[in-house]
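Structure first, commentary second.
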C-alpha cells in the first residue's frame, strides 16, 4: 500500500510538486508576520505572582524600564564637556520613546554658596551657570547621597544618563533610536546598558548569528554533502527540502502569531538539523536501492517507518515542554513539534518527486564507510563488548552526581563577549556607577496606622491619608533597611527617599532631621512639579508604600542570583520581625530568577515523561520491552554526558543552555531508531547460523555500510556546521554550538558502539 503511494508520487511527480507548492504557498503567506520578540515579558512567567506585583509596582511608581548611557571622560566637569553633554541630553529628549533623562545637568548645586535647608526649595543653581566653580561642583556631586553612583562616579571620571522609556511591548526601535542619536558624538567614550538593553541586544545578537552563521552553515552543509555524495542534484534536493521546510514553518509561525523569543532562538538551527537528517537517510536508502536493483518506490516504503517513528518520538519530546509554566518554552515546544511533523510530510512528498525528475546514481564515494569500518569501528570493538556493562554501571551514577550539581544561574553580563558594547557598558557601570540590574524593595505600612488631621503639618491636599513615612522614627526604619542592603557585596547603589533626607541633613549643618524638617521637605517637594514627579517614584500616591531601588552588580565574581534574593528576603524578615511593616521584593532580577528556577524544575519534571513517552513509541515500533529499553539507553547516556560536562566546566543552566538536553534526546533517538531498525533486520537474517559472533559482526557491518553511512554523513556534517558558532560574540550561541556538536557526536558513538552490544542481549 505504501509502495503504491510512492509509485503514484513518482509517476505524477510534477502534479505532486505543484500540489505541495500550492499548500506550502499558503503557509508562506505568514512570512511577513514572522518576527522576533524582544520584549522583557519573554523572560518572565505568565502565571508568576511576582510578575503581577511587578506590574502593579510599575503602575504605582512608574516603569523601571530604562537605558543607562555611561560616559567616560576625565574632563567631564569642563565647560566644553558639559555643553556637549547638554546637547546629547537635549537630543535624547526629542525622541518620542524617551520620557525623561536624568543626568548631572539636573543635579542642583547647594554649596556655592551653601544653601540652608529652609532656602533649598528656592535653589536654582545647576551646572553650566557661569559663576560656578566646576571643580567644587565635581566634589559636591561626587559625594552627594543622591547623585553619587547614580549619575556620577566617586572619582568624577564617569557620568551616566538614565534614559527612562515609555512603557511598551518592544524596545528594539527605542534602543535603535537612542544608538543613532549618540552615534554622531565622537568626543566621549559612550556605552549603553540597562535592563531594556539586555533583552534587545540578546535578540539582536541572535538575529545576527542566525543570518551570518546560519548562512555560513548552509553553505558548509552544501559543500560537505557534495563531497560525501559526489552528486550535485542529490545534494540540491536535500538543501531545497530543508529550505522548503524552514520557510514553510516560519510562515506557519507567522500565521499563528508565534514569535521567536530568546528561549526559542535555536529553533531554526534544530529544524535545519532535522531536515538534513531525514533527507540524508532517505537519500542513502535510495542509493542503496539503486545498487541492489530496487526501484525508488520500494526504497521509500522501507525507510518511511523508522523515519516516521523518529519524527514522532522527537515531536513528543518537544511537546512535553507544554507542561512548563513558561509561555515562550511552551511555544518553543509547539514550534518544534509542528516543524518536525511538517518536515516528515514535506520530505516524503518533495524528495520522491524531485528525485524522479532525474534518476539518482549509486553511491560514488566508496572510501568513506570502508575506512570508517576498518580503521575506526573495529578498533576497540572487543573492549566495548567485554566491558560495556561496567562502563554503563559506572557512568550513570556519575551522571546523576554531576547533573545534581548543575547550577541554575546566569549573569546577564556572561551572555556577551568582552569586546561588545553592552559588556563594556555593564562592566563600567557595575564598577563605577553602582550596578545595572534593579531590585525593587517595597515597604508597606498597615492601614490602621493612618489618620486624617487637616491641621497637621503632614497633611497634604489631594491625599486621603497622612504620610506615615515622613515621620522621624519611620524614616529611621527605612534608612536602616537601606544601609543594611548596601552591605551586600553584590549590591551597589541604593536609592529611596532616604537619600533625599541625607542630603537635607548635609544642608542642615549635619544635624539630624526631625519631624518638623521632614514636613517642610515634603511640602517643598510637592510644590515643585519636577520634584513631585521624583517623589512619586519612591512614595506611593496613597502614601502607604515606600520604594527602595537597589542595583545588582551583575559582574560580581561568584554571584548567585537565587541565593542573593533569599539572603535579602531573610535580612528583611529579620529586620522587620518586630514591626508591622510588610515588604515585597520585585524587579527584573526576581522575575528572571523565577523563570530560571521554573525552567529547571519543569525540565526535571518532564524529562521522565519524555523518556516514558519515547519508550512507548519504541515499544510500538520494535514490539520488544528489552529492545525499547536498550534503545532508550542511547539518549539517556547522551543527555547524562552533556549535563555532566556542563557541571564539570561550571556552565550553568539558563534559558539557552537548558535546551541542549532536548537536542541530545532528539538526535540520539533519531540515530538509535534508524540504527536499531536496520540492525535488527540484519541480525534476524542470521539467527539460525552457527557462529553467533560472525552473525553479530555481519549484522554490524551491513548496518554500518547502509544506515551507518547516513548517520555518519549527517553527524559529521552537522558537527562541523555547529562548530562554526564558536566564533560568535554571543556566548549562549557559542555554548549552544559546542554542546550541540558534543551531543551529536555522543549520539553517533552510542549508536555505533553500545547499541549493537545491547540489542544482541535479546538474541539467544
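Just so you know, all these numbers are worked out from the coordinates, no wet-lab data involved. As the structure is a prediction and not an experimental result, all values here were calculated from the model. Cβ sites come from the backbone with ideal geometry, for glycine too, and all protein chains shown count toward neighbours.
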Provide the packing ranking of 705-712, 272-279, i.e. peptides ordered by the mean count of other C-beta atoms within 10 Å per residue, highest first.
-> 272-279, 705-712
Could you work out how far helix 707-723 tilts from the main Cα principal axis of the chain, as a 0 to 90 degree angle to the nearest 10?
-> 20
Using the per-residue mean of other Cβ atoms lying within 10 Å as a proxy for protection, in what order, highest first, do the peptides 246-255, 613-622 fall?
-> 246-255, 613-622
Helix 731-749 sits at what angle to the longest principal axis of the chain, using alpha carbons and giving 0 to 90 degrees rounded to 10?
-> 20
Sticking with the crude label model, points 7 Å out along Cα→Cβ, report the distance from residue 597 to residue 577 in nm, one decimal please.
-> 2.1
Just need log10 I(q)/I(0) for the chain at q = 0.05, 0.09, 0.10 Å⁻¹, Debye formula, equal scatterers on the alpha-carbon atoms, no solvent, rounded to two decimals.
-> -0.35, -0.87, -0.99
What helix-only [θ] at 222 nm does the chain give? Using -39500 (n - 2.57) per DSSP H run of at least 4, over all residues, to the nearest 500, the answer is -20500 deg cm²/dmol
Sequence-separation-based contact order of segment 64-199, relative, with Cα cut under 8 Å and 6+ spacing, percent | 45
In segment 64-199 the DSSP beta bridges are antiparallel at a rate, in percent to nearest 5, of 95
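State the extension gain, in nm to one decimal, for the chain segment bounded by residue 368 and residue 623, taking 0.36 nm per residue of separation less the distance between their alpha-carbons. Working shown, then result.
Details: separation 255, 0.36 × 255 = 91.80 nm, distance 3.35 nm.
Fully extending the segment from residue 368 to residue 623 adds 88.4 nm.
Stretched out fully, how many nm does the piece from residue 566 to residue 129 gain, at 0.36 nm a residue minus the Cα gap? Please list the in-between numbers first.
On the way: separation 437, 0.36 × 437 = 157.32 nm, distance 4.71 nm.
Using 0.36 nm per residue and subtracting the Cα-Cα distance, I get 152.6 nm.
Grab the beta carbon distance between residue 155 and residue 15, set R0 = 56 Å, and tell me the FRET efficiency rounded to 0.05. Present the calculation step by step, with values, prior to reporting the outcome.
Details: r = 76 Å, r/R0 = 1.36.
Once rounded, the FRET efficiency stands at 0.15.
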Mind checking the angle between helix 267-292 and the chain's longest principal axis? C-alpha axes, 0 to 90 degrees, to the nearest 10.
-> 10
Mean Cβ neighbour count within 10 Å, used as a protection proxy, ranking 488-496, 389-397 highest first = 488-496, 389-397
At 0.36 nm per residue, minus the direct Cα-Cα distance, what do residue 31 and residue 173 gain on full extension? Give it in nm, one decimal, please.
-> 49.1 nm
